[in-house]
Amino acid sequence: MGQPIAVRTDFAAVEVRRLARRAKDSDQVRRLAIAAVLDGASRAEAAKVGGMDRQTLRDWVIRFNEQGPDGLINVPAPGAPAKLNTEHRAFLARIVDEGPTSPIHGVVRWRACDLIMRRHEEFGISVSDDTVYRALKDLGFSHVSARPRAYRQDPEAIEAFKKIPRSRGGNPPQLAPDTPVEVWFQDEMRVGQKNKLTYRWARKGSRPRAAHDQRTQSTYLFGAVCPELGTGAALVLPFCNSQAMQLHLNEIASKVSPGAHASVILDQAGWHGAKELKIPHNISLMPLPPRSPELNSQENIWQFMRQNWLSNRVFKSYDDIVDHCCYAWNTLIDQPWKIMSIALRD
């Protein structure tokens, strides 16, 4: 037979009941029925008041004696020890930051199975895919698509472009003092019946199917955004040439804030620098270095629009393509915070 356990006497029954009235944890309130014991009730009576058996009451009396009222709050179970210690996690972060070397590792990107194999080779332990994914998330990694980088681009030209002062705004004409300068990004996107398929959520082990048109009708969406203001200007045009570019520059000029000057950052496509272009007075063009699409945040706008509104579709006709382009752009413009999130750059 178990030995009786005395309840600590530095808490009076009145004080314990006062704590029960103030406590927010329902289980703690119920277990503070220990006050009945302090009033002289038997173990059976006190257990009945708290809605528990006598053995459970005994266990909570022990916790109360050791830790006081806080000992009557449920404490989460510690669970199994972590499979990845600090050294394992540091190794995982390092190899992900470095990335694979194709001739050595045989892959162009790390998969969970590759990371598991590398860890097994290094430490001799194996874990599941989910453990690797959770560890990567805790370490601050996420699964994202890479920005395009053109072959044989000039890194020095890119770095020099990044250091151009914002106040210069490219090559603007002589501006009045304190003239606000808006930075815009411009580009074109072809949208047609021969459309793209994007990633989608699906059951594990399945491969979803999506319609893919092979017809070739298409149009061009000329777009430009000002990330700082979360606004933009676009035209859907049948051709991609200097005449279309002139129309788009005029559209951008109409969207620039009154009294401000826009520095439009764009690539070096032939129609962007055509001699016949008449640049509006409130715009100056700032060409990017060759082969540097990652410097143009309009590229990311196109990617977002394709993934959310334009891909995985079959367009019935040319007019249907135009309608969907207009819908996608207008939906984007209605979300200025989305433009700021996607297109802002340091």
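The values are calculated or read from the model by the stated rules, or taken from the named source; none is laboratory data. Please read all numbers here as calculations on a predicted model, not as lab measurements. FYI the Cβ positions are ideal-geometry reconstructions off the backbone, even for glycines, and counts take in every protein chain you see. Heavy atoms of the whole protein, side chains included, go into the accessibility calculation; ligands, DNA and RNA do not. Shrake-Rupley method; radii C 1.70, N 1.55, O 1.52, S 1.80 Å.
Structure notes:
- Sole residue being within 21 Å of Thr219 (Cβ to Cβ), part of a helix (DSSP H, G or I) and of a type in the set (Lys, Arg), chosen from Arg306, Arg313: Arg306
- Residue in the range 256-268 that is outside any strand (DSSP E or B), within 17 Å of Pro287 (Cα to Cα) and at pLDDT below 95 present: yes
- Look at (1) modelled with pLDDT under 75; (2) surrounded by 17 or more Cβ atoms within 10 Å (Cβ to Cβ); (3) more than 48 Å from the chain's Cα centre (by Cα) and you find that Gln28 fails only one, number (3).
- Selected residue (criterion: least open to solvent (accessible area, probe 1.4 Å)) from residues of the range 227-264 that are among the polar types (S, T, N, Q) and closer than 19 Å to Ser297 by Cα: Ser263
- Close Cβ contacts (under 7 Å, 6 or more residues apart or on different chains) running from residues in the range 5-17 that are assigned to a loop (DSSP other than H, G, I, E, B) and modelled with pLDDT under 75 to residues that are open to solvent by less than 70 Å² (accessible area, probe 1.4 Å) and aliphatic (A, V, I, L, M) comprise Ile5/Val61; Ile5/Ile62; Val7/Ile34; Val7/Val37; Val7/Leu38; Val7/Val61; Ala12/Leu38.
- Filtering the range 265-291 to residues that are surrounded by 14 or more Cβ atoms within 10 Å (Cβ to Cβ) and of a type in the set (S, T, N, Q) leaves Asn282, Ser284.
- When the test is whether a residue is touching a residue at least 24 places away in the same chain (Cβ under 8 Å), closer than 20 Å to Trp337 by Cα and under 30 Å from the mean Cα position of the chain (by Cα), Met286 does not pass it.
- Set Phe222, Phe185, Phe141, Phe161: member being of a type in the set (Phe, Trp, Tyr), in a loop (DSSP other than H, G, I, E, B), modelled with pLDDT of 80 or more and surrounded by 11 or more Cβ atoms within 10 Å (Cβ to Cβ): Phe141
- Phe64 meets the conditions (1) in a helix (DSSP H, G or I); (2) free of Cβ contacts under 8 Å to residues at least 12 places away in the same chain; (3) more than 30 Å from Thr131 (Cα to Cα) in every case but one. The failed one is (2).
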